1. Enumerate the calculated ³J(HN,Hα) couplings along the stretch A:164-181 in order (Karplus 6.51 cos²θ - 1.76 cosθ + 1.60, θ = phi - 60°), each rounded to whole Hz, writing x wherever the residue is Gly or Pro.
2. Within chain A, how many lysine pairs that are 8 or more places apart, or on different chains, have C-alpha atoms less than 18 Å apart?
3. Could you compute the net charge surrounding A:Phe96? Neighbours are other residues with a C-beta less than 12 Å from the C-beta of A:Phe96; K and R count +1, D and E count -1.
4. Using a cut-off of 15 Å between beta-carbons, work out the net charge of the residues near B:Ala10 (Lys and Arg +1, Asp and Glu -1, B:Ala10 not included).
5. Taking the Cα centre of each part, how many Å lie between the stretch A:1-32 and the stretch A:276-334?
6. What is the Cα centroid distance between the stretch A:72-137 and the stretch A:249-274, reported in whole angstrom?
7. List A:Thr27, A:Thr237, A:Thr355 from most exposed to least, where exposure is judged by having the fewest other Cβ atoms within 10 Å.
8. Looking at the stretch A:253-381 only, what percent of DSSP beta bridges run antiparallel? Nearest 5 please.
Amino acid sequence: MILTGNHAVSYGVKAARTEVVAAYPITPQTQIIEKLAELIAKGEMNARYIRVESEHSAMTACISAEACGARTFTATSSHGLAYMSEMVFWAGLGRFPVTMAVVTRTLAPPWSIWNEHTDILAQRDSGWVMMMCESAQEAYDTAIQAFRIAEDERVLQPVMYGLDAFSLSHTAENVDLLDQEAVDGYLPRLDPSKLPVYIDPDRPITFGNLLGPDRMMEFRHLIKEAFERARRVIDETAAEYSKIAGRPQTGLFENYRCSDAEVVVVATGASSGDVKEAVDSLRDKGVKAGMIRLKTIRPFPGEEIREVIGGVKVIATIDRDYSFGFGGILGRELSAYLKGNVFRYIAGLGGRDLTVEDFEDIINDALRRAEGRRGDVEEVWWGLKEVE
Amino acid sequence: MRAKVAISKASEGASGMTGMWRIKRPVIDEGKCNKCLMCWLYCPEAAIVRGKDGRIWITYEYCKGCGICAEVCPTKVIKMVKEV
């Protein structure tokens with residue numbers, strides 16, 4: 001089926017037999033929830049669509065529905081996600097296995113609708129498992145896997161997954177949809193009795209009540225442990241899915257031609273395909289290049305990546321995001337796990353186009369810097385122009 | 001089962017002896033009470049108990065003295081008396 005990344009998510013959410021969708025429209029995410037509304041209205045999907053007045057209410061409705069034992073989904077972008085943020089933390093710290101698609105978009109000002117990852121990464125400490133999709137196919141696959149990860153008894157945390165604005169969200173490609181029977185076998189119905197918070201009138205509970213300093217740390221530690229277990233669950237979930245889909249799947253991260261690599265580039269999201277092309281092109285020219293594609297950002301697979309590229313001499317990280325006063329978020333986080341030359345590139349902010357040539361140039365630039373021919377600057381703002 | 005999040009289960013006095021907060025105590029004139037149960041229905045703390053014979057009484061260990069029972073009583077037989 002020819003689908004945009006947005007519609008691929010909608011069909012994945014439908015295949016997962018999602019029971020409640022509560023969402024508020026925002027560019028470039030709107031197509032996801034429009035398609036879901038259409039599928040529900042036509043009777044092709046058996047779910048309740050809750051129209052809400054804001055993203056804050058959308059997440060609140062998802063949390064409440066999840067507490068009643070329903071499988072829930074929402075989608076948002078940028079300012080919508082920022083507005084939702086309080087309830088994003090409630091879902092994460094309250095351990096409600098909601099799933100959410102985030103079509104990544106630049107935060108204003110200046111006003112922008114184009115791609116940047118800072119919106120999703122700003123939620124990184126909220127207790128959500130976080131992933132980034134590379135293609136419309138992976139968006140469909142991730143929409144289904146996200147529920148299995150979130151509802152796994154070893155995890156029980158919400159899952160959000162990012163799609164790059166336009167280059168993934170609005171670009172159509174051929175997507176393989178699974179048989180409903182196969183999805184049903186892979187993703188059984190949610191068992192409400194296993195939820196950390198399940199509202200059952202016969203067994204009344206209070207949730208969200210005051211907890212003093214004498215007990216709070218212990219509950220935070222339970223979430224920490226869930227995220228440690230999530231590492232294995234994410235890889236298992238991907239492996240199980242690849243059996244029903246007949247296609248390889250990526251769990252924590254993808255190792256692309258790294259085994260004998262002398263320079264490795266680390267990136268995430270929809271540009272990853274172009275980065276791989278740059279790697280192939282350089283390989284043809286005799287440069288032993290490789291790529292690590294971050295699929296999962298929380299839990300951050302730093303140690304797992306170190307096992308693969310810990311000995312590589314030159315590493316270039318590419319961030320389409322920025323934490324002011326700190327640096328590119330993913331590059332900085334990965335640097336904490338690696339010794340040696342890590343050159344951090346900030347590229348494509350505000351949706352500026354990045355091409356295969358850019359990625360080839362970035363890898364070559366890192367090699368030159370490692371030889372000391374371009375100075376020892378570790379952070380490069382790629383293609384920066386003069387401000388008039 | 002080990003808790004996964006902080007929740008509390010309903011139990012008598014889960015929030016402690018909240019009767020200590022009271023400034024005025026509701027006192028029912030039992031002789032004039034017609035057992036309509038409006039006070040029992042409205043008490044936000046479920047501190048008014050309904051006996052098998054229809055009789056009602058107040059558990060002063062938990063009654064915070066909010067006065068809602070005296071306000072809703074249609075026969076005005078609940079008086080708020082200052083604690084000493």
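1. After applying 6.51 cos²θ - 1.76 cosθ + 1.60, I find 5, 4, 6, 4, 10, 4, 10, 9, 8, 8, 6, 10, 7, 9, 7, 5, 4, 4 Hz.
2. Details: A:Lys14/A:Lys35; A:Lys14/A:Lys42; A:Lys276/A:Lys285; A:Lys276/A:Lys288; A:Lys276/A:Lys295; A:Lys288/A:Lys313; A:Lys313/A:Lys339.
The number of close lysine pairs in chain A is 7.
3. +1
4. Numbers: positive: A:Arg203, B:Lys9; negative: A:Asp200, A:Asp202, B:Glu12, B:Glu45.
Its environment carries a net charge of -2.
5. Cα centroid of the stretch A:1-32 versus Cα centroid of the stretch A:276-334: 29 Å apart.
6. 23 Å
7. Arranged by neighbour count, lowest to highest, A:Thr27, A:Thr237, A:Thr355 become A:Thr355, A:Thr27, A:Thr237.
8. Given both bridge residues lie in the stretch A:253-381, the antiparallel proportion sits at roughly 20 percent.
Read-outs: derived from the displayed coordinates by stated rules, not from any lab. Note that the structure is a prediction, hence the values are computed from the model and not measured. With ideal geometry, Cβ positions are generated from the backbone for all residues, glycine too; neighbour counts draw on all protein chains shown.
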